[in-house]
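S.K.: Next up is a structure, given as structure tokens.
The values are calculated or read from the model by the stated rules, or taken from the named source; none is laboratory data. Note that the coordinates shown come from a computational prediction; the quantities given were computed from them, not determined experimentally. Don't worry about glycine lacking a Cβ; one is built from the backbone with ideal geometry, like all the others, and counts go over all protein chains shown. These accessible areas exclude ligands, DNA and RNA; they are computed on the full protein's heavy atoms, side chains included. Shrake-Rupley method; radii C 1.70, N 1.55, O 1.52, S 1.80 Å.
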Amino acid sequence: MASLSWLWSWCLSTQNLVYILLFGLLSIAIHKRLRNKHVLFDPRGRAVLITGCDSGFGNLLAKRLLGMGFTVFAACLFPDGEGAQSLITHSSPGQLKVIRLDVTSDKELEQAKRYVQENLPDKGLWGLVNNAGISMWGMSEWLSVEKYQRVLDVNLLGSIRTTLAFAPLIRKSKGRMVFMSSMNAYASALNGIYSLTKAGMEKFCDCLRLEMKPFGVKVCIIEPGNYAPATNIQPHISAEKVWDSLSEEVKEGYSKEVIEATANFVQEKLKYGSKNSYEVVDAIVDALTSPTPNPRNQVASVPEKILFYLYMWLPTFVFDQILLLPTRKCWKGLPSAE
């Protein structure tokens with residue numbers, strides 16, 4: 001205890017606080033200098049596997065990497081669909097490999113792994129981008145256990161499955177693993193089912209990043225803000241459909257008006273998201289090619305970043321009130337609390 005008291009006193013002295021601040025600023029300057037240092041990266045002969053390439057960020061990323069000269073294994077749920085076909089027309093012969101992959105299926109994952117191993121270019125599998133994901137909104141009581149299992153199986157366990165399957169190939173090439181998380185991993189309301197999968201992914205990556213470091217593998221997390229208009233990850237669900245899915249017991253606690261107000265609030269919030277998908281794709285490319293990529297890269301608006309820092313520093317009861325402010329109109333019509 002005495003040693004801890006001494007350390008605390010040392011840290012609080014004005015002179016030492018200045019030293020700590022200067023050391024922090026110097027570390028940031030060195031890190032930025034290293035990141036800005038021009039290093040020629042040659043994508044030729046290197047492969048990247050991307051999950052969720054049917055649409056959204058995965059599809060756009062695949063096209064970007066193909067243009068850079070990478071060999072791309074584009075994992076699609078519908079290999080004959082419009083998204084996969086657009087990739088085929090965008091690529092040079094032999095450069096693109098479209099594979100069928102449902103990340104919840106161990107059988108399909110084993111088949112995909114075998115195919116990748118048999119079709120790797122000279123420099124092997126350089127990158128794995130865990131992009132596949134789905135989303136559902138609603139208060140916790142409105143969602144069945146089956147829906148929780150579905151989102152967990154795709155977003156979290158799906159990423160873990162692909163990581164465990166392809167980690168040996170990434171270790172061999174001393175490559176990169178990139179995970180698509182979300183700002184909702186920190187601050188969320190009315191989408192706990194999605195947020196919990198992203199928070200779980202963050203913790204998985206924190207462990208994986210340390211474990212992969214001795215092998216020369218870099219693990220990066222991309223944390224987009226609201227890009228719903230660009231990805232359509234959140235399908236529109238009518239209040240009527242939500243109401244019909246509830247049990248009689250749950251209906252006793254929530255009025256139909258509450259569900260309608262919540263549905264309108266969610267759709268309004270999603271509508272004001274960014275359509276600039278290239279911002280997120282830029283961050284993923286940086287994670288795959290930079291000599292010193294950021295372990296975490298927040299790609300979000302200024303208000304979203306401010307909300308993140310408020311989450312980190314404010315007491316929980318204060319932050320809860322901030323989150324509740326815009327959602328209060330959703331709660332009108334609830335039975336009065338006893």
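S.K.: Of 107/218; 63/123; 97/305; 241/305, which pairs sit farther than 31 Å apart, going by alpha carbon to alpha carbon? Mind dumping the intermediate values first?
M.R.: Working: 107/218 28 Å; 63/123 20 Å; 97/305 37 Å; 241/305 33 Å.
Those over the limit are 97/305; 241/305.
S.K.: Under 8 Å for C-alpha pairs, at least 6 residues apart: give me the relative contact order for the chain, rounded to a whole percent.
M.R.: It rounds to 16 percent for the chain.
S.K.: Let me have the relative contact order for the range 40-199, percent, based on Cα pairs under 8 Å that are six or more residues apart.
M.R.: 23
S.K.: Could you give the Stokes-Einstein D for the range 111-158 in µm² per second, using the C-alpha Kirkwood radius, 25 °C, 0.890 mPa s?
M.R.: Reported coefficient: 181 µm²/s.
S.K.: Of all accessible surface on the chain at a 1.4 Å probe, what whole percent is carbon and sulfur?
M.R.: That share works out to 59 percent.
S.K.: Taking the Cα centroid of the range 174-221 and of the range 308-333, what is the distance between the two, rounded to the nearest whole Å?
M.R.: First find each Cα centre; the distance between them is then 24 Å.
S.K.: Most fluctuating residue of 116, 250, 285 in a GNM of the chain with Cα springs under 10 Å: which is it?
M.R.: Between 116, 250, 285, it is 250 that shows the largest mean-square fluctuation.
S.K.: Where in the range 168-203 does the amide nitrogen come within less than 11 Å of the point 7 Å from the Cα of residue 147, taken along Cα to Cβ?
M.R.: 191-194
S.K.: Taking N as the number of residues in the range 151-215, what is its Cα Rg relative to 2.2 N^0.38 Å?
M.R.: 1.20
S.K.: Now for a different question. Once log10 I(q)/I(0) by the Debye sum over Cα atoms at q = 0.07, 0.08, 0.14 Å⁻¹ is worked out from the coordinates, which option in (1) -0.37, -0.49, -1.37; (2) -0.36, -0.46, -1.16; (3) -0.28, -0.37, -1.16 does it equal?
M.R.: So the structure-derived entry is (2).
S.K.: Which whole-number value in Å² is the accessible area per residue of the chain, probe 1.4 Å?
M.R.: For the chain, the per-residue accessible area is 55 Å².
S.K.: Just grab the label-to-label distance for residue 240 and residue 302, each label 7 Å out from Cα along the Cβ direction, in nm (one decimal).
M.R.: 4.3
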